[in-house]
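**Student:** I have a structure here, written as structure tokens, and I will follow up with some questions on it.
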């Protein structure tokens with residue numbers, strides 16, 4: 001991974017830190033947001049959860065960080081982006097909230113208490 005790589009390695013600090021090039025980070029974040037929006041819309045429409053949806057398997061915001069700037073960036077780049085796209089789809093804030101509450105209820109009803117689903121949907125409802 002040394003020569004040409006999309007991943008940067010900072011071996012000067014312990015533990016070693018790996019980062020993505022900004023253009024790659026932006027691309028992967030946009031893909032993540034788009035896929036997540038489509039999956040939430042699909043679950044809201046069909047009322048079917050597979051359990052491997054990105055909003056269940058991946059946290060929108062890193063919770064174990066003392067870096068408030070990172071948290072705010074994640075909220076802005078991920079949570080707000082997902083909210084904006086969902087709002088554009090559902091066209092009304094109340095309808096969006098109702099759909100997210102239905103998804104949250106479905107998570108609880110189907111026993112998907114593992115993963116990040118509940119935390120992520122609550123983030124979308126509260127931000």
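**Student:** Tell me, how many Å apart are the Cα centres for the range 47-81 and for the range 98-124?
**Tutor:** For the range 47-81 versus the range 98-124, the Cα centre distance is 13 Å.
**Student:** Shifting gears a bit: Could you work out the relative contact order of the range 7-126, using alpha carbon pairs under 8 angstrom and six or more residues apart, expressed as a whole percent?
**Tutor:** About 27 percent, as a whole number.
**Student:** Only helical DSSP H runs with n ≥ 4 go in: add -39500 (n - 2.57) per run for the chain, normalise by residue count and round the 222 nm mean residue ellipticity to 500 deg cm²/dmol.
**Tutor:** Helix-only estimate at 222 nm: -18000 deg cm²/dmol.
**Student:** Looking only at the range 9-52, which residues have a backbone nitrogen under 20 Å from a spot 7 Å from the Cα of residue 127 in the C-beta direction?
**Tutor:** Hits in the range 9-52 for residue 127 at 20 Å: 20, 22-44.
**Student:** What full-extension length gain, to one decimal in nm, is calculated for residue 98 and residue 80 as 0.36 nm per residue of separation minus the Cα-Cα distance?
**Tutor:** 4.7 nm
**Student:** Here's another thing I want to ask about it. Determine the shape class of the range 48-127: with a ≥ b ≥ c the square roots of the Cα gyration tensor eigenvalues, call it rounded for a/c under 1.5, and otherwise prolate if a/b is greater than b/c, oblate otherwise.
**Tutor:** Here the range 48-127 falls in the oblate category.
Each reported figure results from applying straightforward, stated rules to the coordinates on display, with no laboratory input. Please read these numbers as outputs of a predicted model, since none were measured by experiment. Please note: Cβ atoms are built from the backbone with ideal geometry, for glycine as well, and neighbour counts cover all protein chains shown.
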